[in-house]
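The values are calculated or read from the model by the stated rules, or taken from the named source; none is laboratory data. Quick caveat: nothing in here was measured; it's all calculated off a predicted structure. Quick reminder, even Gly has a Cβ in these numbers, built from the backbone with ideal geometry, and neighbours come from all protein chains shown.
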C-alpha cells in the first residue's frame, strides 16, 4: 500500500471534467485506489465518490493505492494532478 499527499492547483479543483479524467486514469489500473480528504475516504474509480469530497483549488488530498500496479497508479495520478489535468 502506498500513499501520496498532493495539493490540487487547477482552477476548478477536482470537479466535473477534471474528476472524469482522474477516474478514467484510475480505472486504467488493477490496484484499489482511494482519495482521502480530511477524514473522508472514497473510491477513486467512482465519480460520485470523488465529487462528494468537494475538492477545490488549493486543497490537500491523499491518494492511496494498493495492488499489483500501485506504484505506477500513484505516479500516473500524481502526474495528472500536477499537469492540471492536461494529460
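Within region 70-77, is even one residue assigned to a strand (DSSP E or B), in contact with a helix residue (DSSP H, G or I) (Cβ under 8 Å, 6 or more places away or on another chain) and at pLDDT 95 or above? Spell out the reasoning first.
Filtering region 70-77 for residues assigned to a strand (DSSP E or B) gives none.
So far as region 70-77 goes, no, none of its residues is assigned to a strand (DSSP E or B), in contact with a helix residue (DSSP H, G or I) (Cβ under 8 Å, 6 or more places away or on another chain) and at pLDDT 95 or above.
Given the condition in a loop (DSSP other than H, G, I, E, B) and without any contact (Cβ under 8 Å) to a residue 24 or more places away in the chain, answer yes or no: does some residue in region 40-50 qualify?
Yes, region 40-50 contains a residue that is in a loop (DSSP other than H, G, I, E, B) and without any contact (Cβ under 8 Å) to a residue 24 or more places away in the chain.
Mind listing whichever residues of region 58-69 are assigned to a loop (DSSP other than H, G, I, E, B) and touching a strand residue (DSSP E or B) at 6+ places or on another chain (Cβ under 9 Å)? Walk me through how you get there before you give the answer.
We begin by selecting, within region 58-69, every residue assigned to a loop (DSSP other than H, G, I, E, B); these are 58-59, 67-69.
Result: 58, 59, 67.
Out of 86, 3, I need the residue that is in a loop (DSSP other than H, G, I, E, B) and at negative phi. Which one?
On the way: 3 fails: in a loop (DSSP other than H, G, I, E, B).
Exactly one of 86, 3 is in a loop (DSSP other than H, G, I, E, B) and at negative phi, namely 86.
Spot the failing condition for residue 28; the list is (1) surrounded by fewer than 20 Cβ atoms within 10 Å (Cβ to Cβ); (2) farther than 17 Å from residue 72 by Cα, and only one is missed.
Answer for residue 28: the failing condition is (2).
Out of all the residues in region 11-25, which are farther than 18 Å from residue 76 by Cβ and either in contact with a helix residue (DSSP H, G or I) (Cβ under 6 Å, 6 or more places away or on another chain) or assigned to a strand (DSSP E or B) (or both)?
Scanning region 11-25 gives no hits.
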